[in-house]
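Working notes for the structure below.
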Amino acid sequence: MEVNQENSRRDFIKKSAVALAAFTIVPRYVLGGPGYLAPSDKLTKAVIGVGGMGRNHFPYEGTQVVAICDVDKGHLAKAASMLDKGVKTFSDYRELIKLPEVDIVHIATPPHWHGIMAVDAANAGKDIWCEKPMTHTIGEGKRVMEAVQQHGRIFRLNTWFRFKDVFYGMGTPVKPIKKLVDSGLLGWPLKVTVSKHTGFDWKFYWVGKDNLPPEPVPAELDYDAWLGPAPYKPYSTHRVHQTFRGYWDYDGGGLSDMGQHYLDPVQYFLGKDDTSPVSVEVDAPQQHTDAVGIWRRITYTYADGCQIILDGEGKDEQVPYIQGPKGKLYPGFKSDIPDLQRKLAAFPDPEPQIAEFSHSVKTRQPFALNEQNGYRSCTIVNMGLVALKLGRSLKFDPKEQRFIDDEEANRLINPVMRAPYFI
Amino acid sequence: MLLLAVLIMPAAFAQGSADQRTTTTRIADLLAQLPARDAGQLENNMKEISELGEAGFVTLINGLTAPGKGNNAPIEYAVGGFSAYAMQNGKEAERAMSVRAYCKALEMASDKQNKEFLISQLELVGKDDAVAALEPYLMDAQLADPSARALVKINSEASKNALANALTKATGAAQLSVIEAVGLTRNKQAIASLTSLATSKDKNLVKATLAALARIADPASAPVLAAAASQAGFQYENTNAVAANLLYAEMLIKDGNASVARQVAKQLTENAKAENQVHTRTAALKILADSDPQNASNILAGALDDDNKEYRTAALKFAVPYFSPATSGIWLSKLRKGSPEAQAELVGMLGRTQSKEALPAILKLAKNKDQNLKFAAIDAASAIGGAQTIDELYKVMKKGDSTTIDTIAAAIRRMKGADIPEKIAGYLPKSKPEVQIALINLLAARSANAQIGSIYDLLDSKNPEVKTAAYQALKRTVNKNDVPRLFALMKSQSDAQELQALQDATIAAYTGNTSDSADVDQVFQQMSSMPAGKQVWFYKILGNLGGQKALDAVTSAYTANEANHKSAVEALASWRDAASAPALLKISKESSNPEELNAALLGYMNLVRKSNFPPEQRLLKLREAMSAARTTEQKALVLKDLEQVKVINALLFAGRYLDDPTLQERAARSVMGIALADTAYHGTLVKDLLNKTMAALKGDDSSYEKEAIRKYLAEMPAGEGFVPLFNGVDLTGWKGLVGDPLKRAKMDAKTLASEQLKADSAMRDSWKVINGELHFVGHGNNLATVKKYGDFEMLVDWKIIDDKQRKGDAGIYLRGSPQVQIWDNARVEDGAEVGSGGLYNNKVNESKPLKVADNKLDEWNTFRILMKGDRVTVYLNGELVTDNVILENYWDKNRPIFDEEQIELQAHGSPVAYRDIYIREIPRVKPYQLSAAEKKAGFKVLFDGTNMHNWTGNTTDYVIENGNIAIRPKPGKGSGGNLFTKEEFSDFVFRFEFQLTPGANNGLGIRAPYEGDAAYEGMELQILDNDAPIYKDLHKYQYHGSIYGTYAAKRGFLKPLGEWNYEEVIVKGPKIKVILNGTVILDADITEARKNGAADGKPHPGLLRNTGHIGFLGHGSPVQFRYIRIKDLSKK
């Protein structure tokens, strides 16, 4: 899926096998205090959710997996077979996060679990690596942000375009885009279009099915635990594992799964890390109450007039990625501004970002994509999901983080979880 | 129009009082329209539910069946849609109706899952009105959860009470749901019950209870919560008691009970002292600060003395919102003490808060011996002071070690200010080499052309690293004025690295300017003055400028000497445009050096990628790349580029690699990527490839991808689609040519069979299968398909093999008739410069292609030929060259092209190769036939839906669509012109049908000459949508059916727009009658007008004509005609 990341992962598997012996593997907790970790020391981590996605994350640099958790015994056994014999296995994440030897909890479950697990991990004093989207609802996102900050934890959301790698279709990393936006050469406000012609082809086959017939729950799966905080619905193979993305209860289709990936860097270069759009407009067919469907276009507008357009149809092949009153930017850093590179060189570089998680953990400085800006970019996604679900455009108050004049939309900001789960 | 009318109707029904449908019918009609395509339709559908009313809506909802027993989806769309509709502002009546309906339906529903669904809707729309219906379910193990959730969202006194009442009555899972909900509604009346549950042995119960008590945050609950935390040992465990205390304290602060909050925090601080409890201490610290905003900075500053880094850094983050110039003193005093590590952390915080007050102290720390502290101070100083700190930071840089230099250089790169380059240039001469390098790089990063002089000065620095840095900086700082200087440097330098830098710089200097031949000449001039060994450095510069002269120079340099190869390939690969692609391809195919081959091939593919070729042409280029590719990596790259070529040919080609184990996964992505971009691909070939693709897909998302392919297959249009005409192995499906269609028709079966045997044997000498390609060796006869084809779409690749005879010639015969032309367009003496793809043998209709789209001899070309009725469309290499042109019957010009016949590959005396021949048969329109009565009466058909053989004039804008003559005037391209019968008629009965579009205007010309305005030179019987608003001011003699300008017809007998009208025109001497849809609308005798002139007062010489053509007279509007037949009355 994420091509660049995958390559680096593969490279790393090769490298790590060699490098493993050179590391000292000691949990940070054992060292504690001012001495802390030597730069060469590995951090220990525990992965919750070891299906396809979770298993991909084992070999990250500078970390050692010491525990794993899954509600599917099949996943658990398969994952354990890929790791050292000493790895501890759990079916209940609440037991796993109690382990004193764990530094980092890596959350790779479906999104409806992210909020609870992140908050509990913060309560247990763990640093957190969380898969995108950060949370399933706006309310959970806020709570995660608060819990992480309150406990002085380090949090990373696992998408990366804001600090490394080349965008799929853009052919450039985000840094020069940030520099260009900051320079003002394009003017203000800006309109950013994410379409298949500017970097990402929205995945509309990540949709759910309505009228699912109930099926018997497989013996290896604790379905009730898989559902966790989500409302009870009869089991179907399509509901779980690799196809859960098509159901509102757990995710929100391609917008939810990939939206933050593409919205987060935009939020970053537009300088909107501390705010949210003031409106969201949707053009989509009616959505089913359970199964996520397709959409044609979602438009976000900020208070200063900046817009982000998610173009699901991609009819306009000539659309610029960024359009401002003074200029346009196209994939491959092409522009209608002549001699752009040279003009841009006169401007300052953007502020540096910490792009290595273990560095953040060791120095206790925020990671480039953290609970704060991650919450904001996830809110963009979740605003879109609410608008899509209700089939209407919505206004939003970025400060109060509530929809304006729409009681129903506000009821969807923070739905109550199924007991015994809550945050 | 028709479509629109149908779609609007249900809404119109709903609004009108005349809706006589039963509720059941209305519900069925409504459900059939769900889900709505867009907001507009959604709104209309929901209005309909509103019209149904409560009882009707309940009936609709009662259609829900147990999951798996039916299809609930349409009802779920209706209910979900209505919940959203009713919660819009100003729709309180609808909302209340929805609640009543859901409550009723909830009571009636028997299936729990359906009940849960309805409760979830009440969660969205319910107010007090839903509480009573929800309350009973709080005791139900499964339904307590959704009910409690709904009651929380309703959040009224009644809902709070309902929850509190259920607290002690509910058990098990239901009780947990209620506890959670009670907490969220913050109902103080529940405190007593909750307190009694807080000491339960059930940890889940205790956890929920503590959280609920914490959220309600009564000051009196402090001891209960404190005891629980103590019980938990102030550690994270299953009751989450510590987190409950923290939540409790937060809520207390919000409620104004700060002092209680402080007690809670103090208790945690005192008891969570171990290293693994630092996160709890940290959270408690935040409570202490937040509960005492006046004193927060002091409290947090105190934390800096702590030994634990986590604690200190968290305290500094907490301090940011409290930071102000007034509190800065607290932090500045801290800055003087503490460990360097703690100082560095504090400096970071001061940088983030942009504390101007702290800048002097921070600048001092920028000279500190502790590296980390120093770096933190450098970053903070530049963040606060920006360009103002540059002189101070330079002082540190001047004496610093390499990391210090790097840190300061990075800080300078982040500074704003137009005068920064000038300052840097000023520092340059007096700095030590290491600093010089950093400063040079800073000038380069800013493209500081104004300061390029100071870089030139360092090109002969004695320090080799400085020298290198200066050379490397040139490409970032030069502009076109520097070119002479760069050439002079190239002349004097001989070091390869420096020459490379100068080459890059020269290219950069030219880049961004429009290049002209003067630049190329300038480069040639310089090049010729260089020794041979240095000339290679100019190739890439030439490539960047482009042009034929430059290309010739570089390609001949490649051929001349192996020593030039690397530079020449590099230059070709980075060429300004695609002009170097052929040269690169040749090298990729011929080079024996794998590295060179790779560079040439990647360069070639890069140029193809950047060029604007149509997809078919891009595919041909990529197939060339594939034939040059040697390694799996190279082949995979070709397949990857192929994914962007969204045509069937590319899909089929990529599909061949699905059987190659090393490439199948890549091929699968390409096949999928092409197929899923267009829903039109179909047929067995595509199906088989997609099935193989599913099997080859691997990876995380493959289950979604497979799902997408399955969906694609399920929705695939019916039909066989493309099938191969040539199997790549032998001549199965082909036969030799016997005579021509007319001759063959005359032969008896026996003669034909024996002629065929002879022809087949001759065929084998002339047509050979070589490497999967079909070759005509240059002598012999046409190759014909065994099968006959009517309407079809054909794909075929062809190549004229260059035998140096300049006679290249071939063609594709369609329905046994010549031909879509293929020839060597160098044969200007034969008129071949027009290119291939024309209908060469046409005499009347267009025979030349629209443009030249041929590739060179020995290169492949690709045709897409579409034949429908008597019309042919040809795309050559993706370019439209023949646009819906009539193919004339070569063998008998008095009849239209045959309905069906074989396809032939023409033999024309020169060697030609073919490959990838596919055909897709298109169902044919059934020709219109006269009724027995008309046949008997002597009618004949003028247009049967398949050809325009009886017609002449504008056969380009009048096309055949689905068996109709359709006039499709191009916007802005005039009237669309006239279409006339070839024959002339004087007295006749003319019958036809026509279909109008809004405001459409056409006319039926009678007794008309080809030339002149038929309305005056002949007669025009109006064909007009005369009810359109734009025609409200017409004269009567302009209405539909009128003899234009002369005699008025009766108005009001046209059928509604979109429907077909039947018209009969009877012309006999001076009498003209028009019968429209069974009503005589005109019955005129033109004798009077012939004598005294027309009603419009204009000359109408045509009134006097006794014979002429019948024709459709275009006025720029789309109209369709069909079933055209005539009875000639003069022939009796």
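Bear in mind these aren't lab numbers, they're just calculated from the coordinates by the rules spelled out. The structure displayed is predicted, hence computed values, not measured ones. Note that we place each Cβ from the backbone using ideal geometry, even for glycine, and neighbour counts take in every protein chain shown.
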Calculated P(r) of the stretch B:1005-1077 - Cα pairs past 15 Å, %: 56 percent
To the nearest 10 degrees, how steeply does helix B:664-676 sit against the main Cα axis of chain B, on a 0 to 90 scale? 70 degrees
Expressed as a whole number, the average count of other chain Cβ atoms within 10 Å around the Cβ atoms of B:881-892 is 0
Cβ-derived FRET efficiency at R0 22 Å, residue B:422 paired with residue A:341, nearest 0.05: 0.55
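Let me have the relative contact order for chain B, percent, based on Cα pairs under 8 Å that are six or more residues apart.
Details: 2026 pairs, mean separation 50.7, N = 1132.
Worked out over chain B, it gives 4 percent.
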So if each residue of separation counts as 0.36 nm, and I subtract the Cα-Cα distance between residue B:577 and residue B:357, what length gain in nm does that give? 73.5 nm
Tell me which of B:142, B:249, B:563 sits at the most positive position along the dipole axis of the protein assembly as shown, charges placed on C-beta atoms (Lys, Arg +1; Asp, Glu -1). B:563
At 1.567 mPa s and 4 °C, Stokes D of the stretch B:146-230 from Kirkwood alpha-carbon radius, µm² per second: 104 µm²/s
Global geometry of the stretch B:16-107, whether rounded, prolate or oblate, following the gyration tensor of its Cα atoms and the 1.5 cut on a/c: rounded
Once you put a point 7 Å from the Cα of residue B:398 and another 7 Å from the Cα of residue B:532, both along the Cβ direction, what distance in nm separates them? 5.4 nm
With just the Cα atoms defining each centre, how far is the stretch B:109-127 from the stretch B:385-400? Give it in Å. 68 Å
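Over every pair of different alpha-carbon atoms in chain B, take the mean of 1/r and invert it; report that Kirkwood radius in Å. Each step should come with its number before you reach the end.
Details: mean 1/r = 0.0251 Å⁻¹.
Radius from the Kirkwood sum: 39.8 Å.
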Are any of the pairs B:1068/B:1098; B:188/B:273; B:395/B:462; B:586/B:804; B:635/B:807 more than 26 Å apart by Cα-Cα distance, and if so, which? B:188/B:273; B:635/B:807
What percent of all Cα-Cα pairs in chain A falls into each 20 Å bin, going from 0 up to the bin containing the maximum distance? 26, 57, 16, 0
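Please work out the FRET efficiency for the pair residue B:1098 and residue B:928, using the Cβ-Cβ distance as r and a Förster radius of 41 Å; give the result to the nearest 0.05.
0.65
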Tell me which aspartates and glutamates have Cα within less than 16 Å of residue B:203's Cα, excluding those fewer than 8 residues away on the same chain? A:92, A:95, A:120, B:180, B:237
How tilted is helix B:532-545 with respect to the longest principal axis of chain B? Cα atoms for both, answer in degrees (0 to 90, nearest 10). 80 degrees
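Taking 2.2 N^0.38 Å as the expected size of a compact globular protein, what ratio does the Cα radius of gyration of the protein assembly as shown give against it, to two decimals? Don't skip to the end; give the middle numbers.
Numbers: Rg = 40.1 Å, N = 1555, 2.2 N^0.38 = 35.9 Å.
Against the compact-globule rule of thumb, the ratio is 1.12.
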Quick one: what Rg and Dmax do you get for the stretch B:300-389 from the alpha carbons, in Å? 11.8, 36
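Quick one: putting +1 on the C-beta of Lys and Arg, -1 on the C-beta of Asp and Glu, what dipole do you get for chain B around its Cα centre, in Debye to the nearest 20?
Details: 137 positive and 134 negative charges, 149 e Å.
Using Cβ point charges on Lys, Arg, Asp and Glu, chain B gives about 720 debye.
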Once both axes come from the Cα atoms, what is the angle between helix B:594-610 and the longest principal axis of chain B, in degrees from 0 to 90, rounded to 10? 70 degrees
Point-charge dipole on Cβ atoms (K/R +1, D/E -1) for the stretch B:558-683, about Cα centre, debye to 20: 220 debye
Expressed in angstrom and ordered largest first, the alpha-carbon extents of the stretch A:156-275 along the principal axes are 60, 28, 24
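Using the Cα centre as the reference, give the magnitude of the dipole from point charges on the C-beta atoms of the protein assembly as shown (Lys, Arg: +1; Asp, Glu: -1; all else neutral), rounded to the nearest 20 debye.
Numbers: 188 positive and 185 negative charges, 236 e Å.
That gives the protein assembly as shown a dipole magnitude of about 1140 debye.
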From other protein chains only, count the Cβ atoms within 10 Å of every residue's Cβ in B:762-772, then give the mean. 0
Considering only C-alpha atoms, what is the centroid distance from the stretch B:564-615 to the stretch B:775-833, in Å? 31 Å
Residue-normalised 222 nm signal for chain B, counting each DSSP H run of n ≥ 4 as -39,500 (n - 2.57), nearest 500 deg cm²/dmol, is -14500 deg cm²/dmol
Scaled to the compact-protein estimate 2.2 N^0.38 Å, what is the alpha-carbon radius of gyration of the stretch B:927-1020, rounded to two decimal places? 1.15
Would you tell me the mean number of C-beta atoms belonging to other protein chains that fall within 10 Å of each C-beta in B:553-564, as a whole number? 0
Stokes-Einstein D in µm²/s, Kirkwood radius over Cα pairs - the stretch B:42-184 at 4 °C with 1.567 mPa s viscosity: 85 µm²/s
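Around residue B:605, what is the net charge, scoring Lys/Arg as +1 and Asp/Glu as -1 over all other residues with Cβ under 11 Å from its Cβ?
Values: positive: B:609, B:610, B:618, B:621, B:640; negative: B:624, B:641.
That works out to +3.
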Dimensionless Rg/Rh of the stretch B:660-796 - Kirkwood Rh, Rg from C-alpha atoms: 1.14
Rounded to the angstrom and largest first, Cα extents along the principal axes for the stretch B:379-489 equal 45, 28, 17
So how far, in whole Å, is the C-alpha centre of the stretch B:291-342 from the one of the stretch B:519-562? 67 Å
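Quick one: Kirkwood hydrodynamic radius for the stretch A:236-278, alpha-carbon pairs, angstrom, one decimal?
Values: mean 1/r = 0.0838 Å⁻¹.
One over the average 1/r among Cα pairs gives 11.9 Å for the stretch A:236-278.
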